[in-house]
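What follows is a set of notes on a single structure, which appears directly below.
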Amino acid sequence: MRCTSAMTVGFGILISAMTLSGQGPATPPAPWRGAGATPCVGTDGGVYQCAPALRTIALRAGRLFDSKTGQMLTRQVVVLHGDRITDVGPAARVTIPAGAQVIDLGQATLLPGLIDAHTHMFNQRGKMAAEASLLIAVQNARADLLAGFTAARDMSSHGNGYGDVEMRNAINQGTIDGPRYQVSGRGIVWGAEPPNPAAPPNPLASAVVRSVDEARAAVRAEIEHGADWIKLFPAGGYSFTATGQDQYVVTYPLPVLQALIDETHRLGHKAGCHVYGGEGQKNAIVAGCDTIEHGFGLNQEQIDMMVANRLYYDPTIVRYTEPYMDDNDAKSTGGKYRMIPIFETAARMAAATRGIKVMMGSGVDGSTFPHGTQALEFEWLVRRAGLSPARAIQAGTTTNAEALGWQDQIGSIDAGKYADIIAVSGDPLADITELQRVTFVMKGGKVVKNELVPARK
């Protein structure tokens, strides 16, 4: 049993190491006696067409957004070889290697590939067949990539077990197209009631814990199954008192929450906490949850604690200012009280606090927020949370890359980083909605979308 466990952990570490690189075993069958050229072999033993030989490409564009400084540069050239950027700078300085393929994008604006820090590639499973659920997830991942999101963090599989782990691995291997993913598996919830022997737990749904020991064991199990992040739920639903005060359900006792986060950190991983407000939200901050998700009822004290503890704030503001929120509040309060203005006030307060690390996470889940449309989040970060356009774009590039621990690989257009590059026709600093009209997408040096100018030799 111990050997099996060690092998499982080792495999999980290997997969984690492969997550960003996109490299997987590709030992061809020898000798190949089938059709066509010798194929590559996946980790599952299936064969697929090998990637084309590495090539050198040069991108020309009228503008380039420098996500490190927040400045817009003009007349830039980016040179890449294979999946990595080799040079970037003014056209007058950068030498395009002989034989390179040149893609001239005219006056378009180049940006680093966008990063969505809160997605759900799987829709809620419900009574859906596993095959149907997987097909929708594949479609969702591709829609996100075509919208310019070349990387993402998936925050629980919505009743699909470790399907997100398999999706991540398939994308890394090149079997299907999608963003570079970090995933969180099933998520871990609090069991307020004792287990019911007549209703065994659903192995595809969130793990349920009822003690400190169970909490630590659940974290280990998620990581052994390949999760990059641990998704936690320290604060449940909200309601209003008779006088209109917002109130929130507390889930895990603080010692259990602390054990969940401590075990996560001990194993070299990070935790993301779904919280709406109240004591559960404060507990998440005190316990050191790496990212605070949503945060309807954030107050200045909690925000200052987040800054002091170097925690990240992921508001997912579009997802919780949609019309259905007002519909729900109208039903529960008779139209007297609304959560949306409370949330907008909290988001603006956080964004105005010096030192806060605001992320861009959409919460797209196929229910109220369709995949491929999450660039709306940038517009809402500007118009409702009060971020400047440059800072909003940085939230979805440099800040998210840092939160994911990928700041040396993605998040900016720099030599040595992955060639994850997008383009829009206009200037997103002048009109943030330009990010909703991505016209060019390159991931790891591979052009997956080009609605601008055809490439030339």
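Some notes on this structure:
- Reachable lysines from Lys357, criterion Cα separation under 21 angstrom, eight or more residues apart if same chain: Lys68, Lys231, Lys270, Lys282
- Helix 323-333 and the longest principal axis of the Cα set of the chain meet at an angle near 0°.
- When Trp406, Trp32 are compared by accessible surface with a 1.4 Å probe, the order from highest to lowest is Trp32, Trp406.
- Relative contact order [Cα under 8 Å, 6+ residues apart], segment 199-256, whole percent: 26
- Normalised per residue, the volume of the convex hull around the Cα set of segment 236-385 (Å³): 119
- The chain, helix-only ellipticity at 222 nm - DSSP H runs n ≥ 4, -39,500 (n - 2.57), divided by all residues, nearest 500: -9000 deg cm²/dmol
- Cα gyration tensor shape for segment 51-121, rounded if a/c is under 1.5, else prolate or oblate: oblate
- Remark on Trp229: its backbone amide H falls under 5 Å from those of Val183, Ser184, a criterion applied only to residues 5 or more positions apart or on other chains, H modelled at 1.01 Å from N.
- Nearest-10 value in Å² for the accessible area of Lys282, using the 1.4 Å probe: 80
- Global geometry of segment 86-173, whether rounded, prolate or oblate, following the gyration tensor of its Cα atoms and the 1.5 cut on a/c: prolate
- Rolling a 1.4 angstrom probe over the protein heavy atoms with all chains in place gives segment 32-119 an accessible area of 48 Å² per residue.
- Surrounding net charge for Leu298, when Lys and Arg each add one and Asp and Glu each subtract one, Cβ distance under 12 Å: -4
- The C-alpha atoms of the chain define a longest principal axis, and helix 130-146 lies at about 60 degrees to it.
- Within the shell defined by Cβ-Cβ distances under 14 Å, the residues around Asn202 carry a net charge of +3, with Lys and Arg each +1 and Asp and Glu each -1.
- Of all accessible heavy-atom area on the chain, the percent that carbon and sulfur account for (1.4 Å): 56
- Amide hydrogen neighbours beyond the local backbone of His294, cut-off 5 Å, H modeled: Asp314, Thr316
- Peptide packing: for 186-192, 83-89, 130-136, the average count of neighbouring Cβ atoms within 10 Å per residue gives the ranking 186-192, 83-89, 130-136, highest mean first.
- Folded to 0 to 90 degrees: helix 254-266 orientation relative to the chain principal axis, Cα: 20
- Of Ser388, Ser367, Ser412, the order by accessible heavy-atom surface (1.4 Å probe, DNA, RNA and ligands excluded), from most exposed downward, is Ser367, Ser388, Ser412.
- Among (i) 1.50; (ii) 0.96; (iii) 0.98, the entry derived from the coordinates for Rg/Rh (Cα atoms, Kirkwood Rh): (iii)
- Of the peptides 432-441, 241-250, the order by per-residue mean of other Cβ atoms within 10 Å, starting with the highest, comes out as 432-441, 241-250.
- As a length-normalised measure over Cα pairs under 8 Å and 6 or more apart, the relative contact order of the chain settles at 18 percent.
The values are calculated or read from the model by the stated rules, or taken from the named source; none is laboratory data. Note that this is a predicted model, so its numbers are computed, not measured. So basically every Cβ, Gly included, is an ideal-geometry build from the backbone, and we count neighbours across all protein chains shown. These area figures cover heavy atoms from the full protein model, side chains too; ligands, DNA and RNA do not enter into them. Shrake-Rupley method; radii C 1.70, N 1.55, O 1.52, S 1.80 Å.
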